[in-house]
Amino acid sequence: DEILADGPDEFYDPLTCEIMRDPVWLPTSKNFCDRSTISQHLLNDQTDPFNRQPLTQDKVEEAPELKAKIEAWIAEKVAASKA
């Protein structure tokens, strides 16, 4: 995890401050966060954690472009650490 400590801000979940592995888009607040983070939140509270607007799991959108960017960056960092 140390090799992933200097990632771009957009790669970090704003709620957990960890690198997102499965980013999703919250259309109600226009924020990204990790699927596991928002799934856990929605079990307890059916609102967007950023603006308290109603939000359900079926409204959360995939973020394949951001996910691909994060995966490519991680692969690059891992390869560089092995070199």
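The values are calculated or read from the model by the stated rules, or taken from the named source; none is laboratory data. Computed from a prediction, not measured in an experiment: that's the story for all the values here. Here Cβ is always computed from backbone atoms with ideal geometry, including for glycine, and neighbour counts include all displayed protein chains. Side chains are part of the model used for accessible areas, which takes the heavy atoms of the whole protein and leaves out ligands, DNA and RNA. Shrake-Rupley method; radii C 1.70, N 1.55, O 1.52, S 1.80 Å.
Cβ contacts < 6 Å: first residue among the β-branched types (V, I, T), restricted to the range 59-83; second residue open to solvent by 60 Å² or more (accessible area, probe 1.4 Å), any location; separation 6+ or different chain. Result?
So the pair list comes out empty.
Any residue in the range 1-20 that is touching a residue at least 24 places away in the same chain (Cβ under 8 Å) sitting within a Cβ distance under 8 Å of a residue that is hydroxyl-bearing (S, T, Y)? List the pairs, counting only those 6 or more apart or interchain.
Final answer for the pair search is I3/S81; D13/T37; L15/T37; I19/Y12; M20/Y12.
Only residues that are modelled with pLDDT under 95, open to solvent by less than 70 Å² (accessible area, probe 1.4 Å) and not in a helix (DSSP H, G or I): list them for the range 57-83, please.
Of everything in the range 57-83, nothing turns out to be modelled with pLDDT under 95, open to solvent by less than 70 Å² (accessible area, probe 1.4 Å) and not in a helix (DSSP H, G or I).
So that you can scan it fast, the table gives a plain yes or no per residue for (1) surrounded by fewer than 17 Cβ atoms within 10 Å (Cβ to Cβ); (2) not hydrophobic (A, V, I, L, M, F, W, C):
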position: D6; (1), (2): yes, yes
position: D9; (1), (2): yes, yes
position: D13; (1), (2): no, yes
position: V24; (1), (2): no, no
position: F32; (1), (2): no, no
position: P49; (1), (2): no, yes
position: R52; (1), (2): yes, yes
position: L55; (1), (2): no, no
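Suppose we keep only residues that are among the small types (G, A, S) and in contact with an Asp or Glu (Cβ under 8 Å, 6 or more places away or on another chain) within the range 5-60. Which one would you say is farthest from A75 (Cα to Cα)? So that I can check it myself, show each step before the final result.
Restricting attention to the range 5-60, the residues satisfying the condition of being among the small types (G, A, S) are 5, 7, 29, 36, 39.
Keeping just the survivors that are in contact with an Asp or Glu (Cβ under 8 Å, 6 or more places away or on another chain) gives 29, 36.
Numbers: S29: 30, S36: 21 Å.
The residue in question is S29.
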